[in-house]
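Colleague: Sharing a structure, written as structure tokens. Questions coming.
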Amino acid sequence: MSQKQTISVTILTGFLGAGKTTLLNNLLKDMPKQKIAVIINEFGDTSIDSHLVVSTREEIIEINSGCICCNVRGDLINILSNLIAQEEKIDRVIIETTGMANPAPVIQTFLMDEKTGKSFEIDSVITMVDAQHIWLHLKEEEPGKQIAFADILLINKMDLITANEKIKLEQQLVNMNPHAKRVYTTYANVNIQDLIGKKSFDLGNLLKIDPKLLVETHHHHHNDQVTSFVFREGRPLDLEKVNRWFAYLVHFKGENLYRYKGVLHINHLEKRVVFQGVHMLFAGTEGTEWADNEPRQSEIVFIGKHLDYQELAKGFQYCLA
């Protein structure tokens, strides 16, 4: 494959709950004629995101065996190799990393693996920043690296902060990454021209940040206090009990709940209920109808700090109809 035929790659990263899946949906809707391979990596052993991504012409590939920046780089290389080998041409690859990922090893995959490097070219590394909640996480390793390695910073949820808070946030982001283009948005609504096809990836800037990017293997250790728990249940849930449980979680546990999302099978409802939450922000919406041959199952993932598995399990069981 010649240089002219390389497949463009967009790496989409950002801490838990920044709005990556919403942005991904917006991008896919704006590129209806392109054949796009979407690679989704979740922190944990399940992928709620595959239920949340809109259905267009894209091919959705899930990596759930671990964090994409740790033990599954081999999986990523294999997936990319398979994409090259298949008959139908792919126009673009979008990789949505887990919110706990350090982007450096993902970038390395395209720069250091010879076959991958010949066939793919990084268009941009987009890091989404949660304008309201980023301050809670800046002491952690992952958000800092995600911001530092970006060539485009998409600052989301701008409707939730004041003008003075925006000035303070902008100063912080410039200090952390003066080279990145900054795009401010709400609900991840953005002009696709600002993100796609910009060829804004600049290896030179990254080598200033990390001179050893191309010579060492990154050893990435997640914060041991951050855990993820998944709950599944085939029996229907009672909507009123679910509302009471989430009201309790948001009020008393919200600060430690970095991300919680899922699909619910509610008693007497023919449509699934999809919900997403970040700290004290929570929203539930009506999803698609359950198919006739589809097993109805509730599936919830919680990601956060100091989470009590037994307490969450007890609360989930309380919600049974």
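The values are calculated or read from the model by the stated rules, or taken from the named source; none is laboratory data. Not measured: the values here are computed from a predicted model. So basically every Cβ, Gly included, is an ideal-geometry build from the backbone, and we count neighbours across all protein chains shown. For accessibility, only protein heavy atoms count, side chains too; no ligands or nucleic acids. Shrake-Rupley method; radii C 1.70, N 1.55, O 1.52, S 1.80 Å.
Colleague: So if the hydrodynamic radius of the stretch 243-300 is defined as the Kirkwood radius over C-alpha pairs, what does Stokes-Einstein give as its diffusion coefficient at 37 °C and 0.692 mPa s, in µm² per second?
Modeller: This corresponds to a translational diffusion coefficient of 270 µm²/s.
Colleague: Something else: Give the dimensionless ratio obtained when the Cα radius of gyration of the stretch 84-153 is divided by 2.2 N^0.38 Å. List each step's numbers first, then the result.
Modeller: Numbers: Rg = 14.5 Å, N = 70, 2.2 N^0.38 = 11.1 Å.
Here the Cα radius of gyration is 1.31 times the empirical estimate.
Colleague: Using only C-alpha atoms and all pairs of different ones, pull out the Kirkwood radius for the stretch 113-204 in Å with one decimal.
Modeller: Working: mean 1/r = 0.0708 Å⁻¹.
When all Cα pairs of the stretch 113-204 are included, the Kirkwood radius is 14.1 Å.
Colleague: Can I ask one more? Report the Cα-based extents of the stretch 115-163 along its three principal axes, largest first, to the nearest Å.
Modeller: Principal axes ranked by extent give 46, 23, 10 Å for the Cα atoms.
Colleague: Got a number for carbon plus sulfur as a percent of the stretch 227-321's accessible area, 1.4 Å probe?
Modeller: It is 51 percent, rounded to a whole number.
Colleague: Extending each Cα 7 Å along its Cβ direction at ARG182 and ASP91, get the distance between those two points in nm, one decimal.
Modeller: 3.2
Colleague: Sorted by mean Cβ packing within 10 Å, highest first, what order do the peptides 123-135, 140-152 take?
Modeller: Packing order, densest peptide first, comes out as 123-135, 140-152.
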